[in-house]
Amino acid sequence: MTTLENASIDGGQSIDTKLQETNKLYQNTSYVSFDFPQIPQTLYHVSKEYSDNDKKCDNGNFLNGVKWSPDGCCILSSSDDNYFRIFDLPQTSREDSPLCDGFDPNLALRDDNLCPGLRLHSGETVYDYCWYTGMTAADPLTCCFFSTSRGHPIHLWDVCGSGGLRCSYRGYDAADELCAARSLASSPDGRTLAAGYDRAVLLFDVNRPGRDSRRIDLKRTRLIKRRRGAGGGGGGANRNSNACNGVVGSSDNYTPGITGIVSCLSYTSSLAQSSYSSSPLIAAGGFCSSIALIDPREAAPTAVLSGGHTGGLTQLAFSVDGTFLFSAARQDPRILCYDVRRLDGSVLLEMERDTKGMNQRIQFHVDPHLGRYLVSGGRGGRVRVFDLREGEGTAVKVIDDIRVRGGGGAEDGEAVVNGVAFHPSMELLATASGERKYSLQKHRKLRREYQELKEVEDKKMRHLNSLAIFKMKYHLQRYEEVGESAECGQPETNA
């Protein structure tokens, strides 16, 4: 039987040998290690950019998450006015003086100290967006991102110069009608774009725009069986020579998969791909609360994880080494962690956050430096920090609850942090906030009260819909001090 220790990759090279070479490669490298608990310093704050355009939105111009570019030179956000805004990180960000320690409600009264370098209109409600993984500011051809909107194909946007639409990728349903994707994910090498549709994932070649794609049907799951004996037995005609661990290739070896719309996607990182496998792994989550694990080389998922969440999934993310999968869902306050090496669907860890009863997509992000910390947004204008190395049983310890937004009380309104993202290489944390607010002007009986409360309401909403970048306290940690890669910020198991 093939085991993790004696498994081979790249034409016979063992994983243990590959890890030893990785240790030699990074032995003189230092990593950013954050110091928690802490009060971060507000470096940049943007609120008037969104409040000045809220007249176009009946329910407030709230943000829909935030994402750093792969090289960390700029940050991308979308809002309810259907605009994408790209903010360039100033080159003097390390020397710039912070506005204040923590969050100051008076920031909403000041002018924004960071302006968008580019605004792009999506045309309709934005479903999802993601950066091209090979993006680097040194090469203008790679400066682009993907987006999907209601009633539109997948768009590839240029973020250099004045911006604009480069090309489109079109998915079609069974009736050969154009269908909008609900989720997107770019492969680690940037060559493939995964798009989530109804009970299917389409894989587009980034270099070939149009309708050409490869379909992975999620309605059924391929059974994985191990060959008998150490050598795996003979290579019978019904064996799939390209499958891992002796996957049987007969069409009868399938079980039910997942149903419904694929609401979120995630690829394993390039580090996990180079360390363990020649092909990345895709996780696809649906509104049916189940997760499908997909090998892009196969025509069907290899496993389905179900029974963890009760609502539709909103986000999936792999750990740095690709062995653990984190998931979040609507109206579920828990972030769950699975060990993808176990296909039984058992939950390894649970993290509680203040999102109970919320339908809004609330982002979380795993520390990209050491993979030790996980941060998540929530109510009350706070970001909750979890230490994946500490906890009791399946519960992960909360080590900090950072206030990054005003609110948290009835007098100031309830701020919701819906987006959080660590900078890929610096000690910065970006947050986005806002939620759908229903105006009193729509109710005729309350128009008089609306006129009296409008000024007060606008003042409250100004700091609720905002984007901010914080400078975190940290120290540099050498690779030798981090320890073995299996212990580098990954959840501890008792198995």
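Within the range 379-395, the set of residues being part of a strand (DSSP E or B) and at positive phi comprises Gly391 only. Considering the range 340-353 alone, what residues qualify as being closer than 19 Å to Leu388 by Cβ and either within 18 Å of the chain's Cα centre (by Cα) or open to solvent by 20 Å² or more (accessible area, probe 1.4 Å) (or both)? Result: Val340, Arg341, Arg342, Ser346, Val347, Leu348, Glu350, Met351, Glu352, Arg353.
Taking the range 319-344 as the range and being polar (S, T, N, Q) and outside any loop (DSSP other than H, G, I, E, B) as the test, only Ser327 passes.
Selection of the range 351-384 for residues being among the hydroxyl-bearing types (Ser, Thr, Tyr) and under 15 Å from Asp400 (Cα atoms) yields Tyr373, Ser376.
Exactly one residue out of Asp400, Asp332 is modelled with pLDDT of 85 or more, crowded, with 22+ Cβ neighbours inside 10 Å, over 14 Å from the mean Cα position of the chain (by Cα) and among the acidic types (Asp, Glu): that is Asp332. Would you check if Phe87 is surrounded by 13 or more Cβ atoms within 10 Å (Cβ to Cβ) and within 22 Å of the chain's Cα centre (by Cα)? Criteria met by Phe87. Does the range 351-372 contain any residue that is of a type in the set (A, V, I, L, M, F, W, C) and over 23 Å from Tyr474 (Cβ atoms)? Yes; the residues of the range 351-372 include at least one that is of a type in the set (A, V, I, L, M, F, W, C) and over 23 Å from Tyr474 (Cβ atoms).
Restricting the range 150-189 to residues that are part of a loop (DSSP other than H, G, I, E, B) and of a type in the set (A, V, I, L, M, F, W, C) leaves a set whose member that is modelled with the lowest pLDDT is Ala174. Using the structure shown, decide if Ser77 is more than 13 Å from Leu467 (Cβ to Cβ), open to solvent by less than 10 Å² (accessible area, probe 1.4 Å) and modelled with pLDDT of 85 or more. Answer is no for this residue.
Per the conditions (1) part of a loop (DSSP other than H, G, I, E, B); (2) surrounded by 13 or more Cβ atoms within 10 Å (Cβ to Cβ), the sole criterion not satisfied by Tyr127 is (1).
Might you check whether a residue that is part of a loop (DSSP other than H, G, I, E, B), open to solvent by 10 Å² or more (accessible area, probe 1.4 Å) and within 16 Å of Val420 (Cα to Cα) occurs anywhere in the range 296-318? So far as the range 296-318 goes, no, none of its residues is part of a loop (DSSP other than H, G, I, E, B), open to solvent by 10 Å² or more (accessible area, probe 1.4 Å) and within 16 Å of Val420 (Cα to Cα).
Where in the range 420-483 are there strands (runs of 3 or more DSSP E), lying wholly inside it, with at least 1 residues that are of a type in the set (Phe, Trp, Tyr) and either open to solvent by less than 10 Å² (accessible area, probe 1.4 Å) or modelled with pLDDT under 90 (or both)?
Strands (runs of 3 or more DSSP E) meeting the threshold: 467-471, 474-478.
Of all residues in the range 182-218, those satisfying the criterion of being closer than 16 Å to Arg170 by Cβ, among the basic types (Lys, Arg) and touching a Leu at 6+ places or on another chain (Cβ under 8 Å) are Arg214, Arg215.
Scanning the range 358-387 for residues that are under 21 Å from Ser263 (Cα atoms), modelled with pLDDT under 90 and open to solvent by less than 50 Å² (accessible area, probe 1.4 Å) yields a total of 1. Could you list, in sequence order, all residues of the range 80-130 that are in contact (Cβ under 8 Å) with a residue 40 or more places away in the chain and acidic (Asp, Glu)? The answer is Asp80, Asp96, Asp101, Asp104, Asp111, Asp112, Glu124, Asp128.
Among the criteria (1) at pLDDT 80 or above; (2) surrounded by fewer than 21 Cβ atoms within 10 Å (Cβ to Cβ); (3) among the acidic types (Asp, Glu), the one Asp101 does not fulfil is (1).
Somewhere in the range 109-118, is a residue at pLDDT 90 or above, part of a strand (DSSP E or B) and over 25 Å from Ile294 (Cβ atoms)? The answer is yes, given that some residue of the range 109-118 is at pLDDT 90 or above, part of a strand (DSSP E or B) and over 25 Å from Ile294 (Cβ atoms).
Each row is one residue, and each column tells you yes or no for (1) open to solvent by 30 Å² or more (accessible area, probe 1.4 Å); (2) of a type in the set (Phe, Trp, Tyr); (3) more than 26 Å from Lys437 (Cα to Cα).
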{"position": "Gln91", "(1), (2), (3)": "yes, no, yes"}
{"position": "Asp96", "(1), (2), (3)": "yes, no, yes"}
{"position": "Leu120", "(1), (2), (3)": "no, no, no"}
{"position": "Ser149", "(1), (2), (3)": "no, no, no"}
{"position": "Trp157", "(1), (2), (3)": "no, yes, yes"}
{"position": "Ser162", "(1), (2), (3)": "yes, no, yes"}
{"position": "Leu165", "(1), (2), (3)": "yes, no, yes"}
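Among the residues of the range 279-295, those that are touching a strand residue (DSSP E or B) at 6+ places or on another chain (Cβ under 9 Å), without any contact (Cβ under 8 Å) to a residue 60 or more places away in the chain and assigned to a loop (DSSP other than H, G, I, E, B) comprise Leu281, Phe287, Cys288, Ser289, Ser290, Asp295.
The values are calculated or read from the model by the stated rules, or taken from the named source; none is laboratory data. Remember, predicted model here, so these are calculated numbers, not experimental data. No Cβ is skipped: glycine too gets one built from the backbone with ideal geometry, and neighbour counts run over all protein chains shown. These accessible areas exclude ligands, DNA and RNA; they are computed on the full protein's heavy atoms, side chains included. Shrake-Rupley method; radii C 1.70, N 1.55, O 1.52, S 1.80 Å.
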